[in-house]
Amino acid sequence: MGRIKLSRMRFHTCHGALPHEQHVAQEFWVDVTLDLNLESAGQSDKLADTVHYGRVAAIVEEIMMGPPVKLLETLAYRIYQQVQELDGRIQRLEVRVTKVDPP
C-alpha cells in the first residue's frame with residue numbers, strides 16, 4: 001500500500017454561506033490523499049498501472065471553479081464522490097477543503 005497526495009491545490013473562487021461570499025472570490029486550498037497499491041506502477045513505470053492524478057486534479061478544479069455552494073462539506077463530498085468513482089484501485093480517499101481566510 002502506498003499514498004499519493006495532491007497538496008494545497010489553490011483556487012480563487014466564490015463559495016460560502018454568507019450572501020457576499022457567493023459573489024466575492026476567496027482563496028481555498030484542497031488536499032486529496034489517495035491510498036492504493038503502488039507495486040504494479042512502481043515496477044512498470046506506466047501511467048496505465050496507477051491512478052492518473054492529473055484527472056484527480058481536473059475533477060477538483062471543475063468542482064471548485066463550478067457554481068457557488070454554501071458549505072465546505074458540499075465541496076468535499078462532491079470531490080470525494082467523483083474521485084472515488086474515477087478508479088477502482090483507490091483503496092482509501094481523504095479530501096480536505098480549506099477556506100484560507102474565513103469571515
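In the full protein context, the stretch 1-42 carries 56 Å² of accessible surface per residue, based on a 1.4 Å probe and ignoring ligands, DNA and RNA.
Summed over the residues of the stretch 51-96 and divided among them, the accessible surface reaches 64 Å² per residue at a probe radius of 1.4 Å.
Between ASP101 and MET9, the distance separating the two model label sites (each 7 Å from Cα on the Cα→Cβ line) works out to 2.4 nm. In plain terms, if you count all Cα to Cα distances in the stretch 52-103 and split them into 5 Å steps from zero, the share in each step is 4, 19, 31, 24, 13, 7, 2, 1 percent. Could you tell me what percent of the accessible area of the chain is made up of carbon and sulfur, with a 1.4 Å probe and every protein chain present? Carbon and sulfur together cover 51 percent of it. Within the assembled protein chains, the solvent-accessible surface assigned to HIS20 is about 100 Å², based on a 1.4 Å probe.
For ARG89, the accessible surface of its heavy atoms amounts to roughly 100 Å² (probe 1.4 Å, protein chains only, rounded to the nearest 10). Going by accessible surface with a 1.4 Å probe and the largest first, LEU36, LEU47, LEU86 read LEU47, LEU86, LEU36.
Build a GNM of the chain with springs between Cα atoms under 10 Å apart, and of ASP45, ASP87, ASP35 the one that fluctuates most is ASP45.
Comparing Cα centroids, the stretch 67-102 and the stretch 4-52 end up 8 angstrom apart. Along each principal axis, taking the top coordinate minus the bottom one, the Cα set of the chain gives 51, 20, 18 Å in descending order.
The values are calculated or read from the model by the stated rules, or taken from the named source; none is laboratory data. These numbers were taken from a predicted model, which means no experiment stands behind them. Methodologically, a virtual Cβ is constructed for each residue, glycine included, from the backbone with ideal geometry; neighbour enumeration extends over all protein chains shown. The protein model used for the area step is the full one, side chains on, heavy atoms only, and it has no ligands, DNA or RNA in it. Shrake-Rupley method; radii C 1.70, N 1.55, O 1.52, S 1.80 Å.
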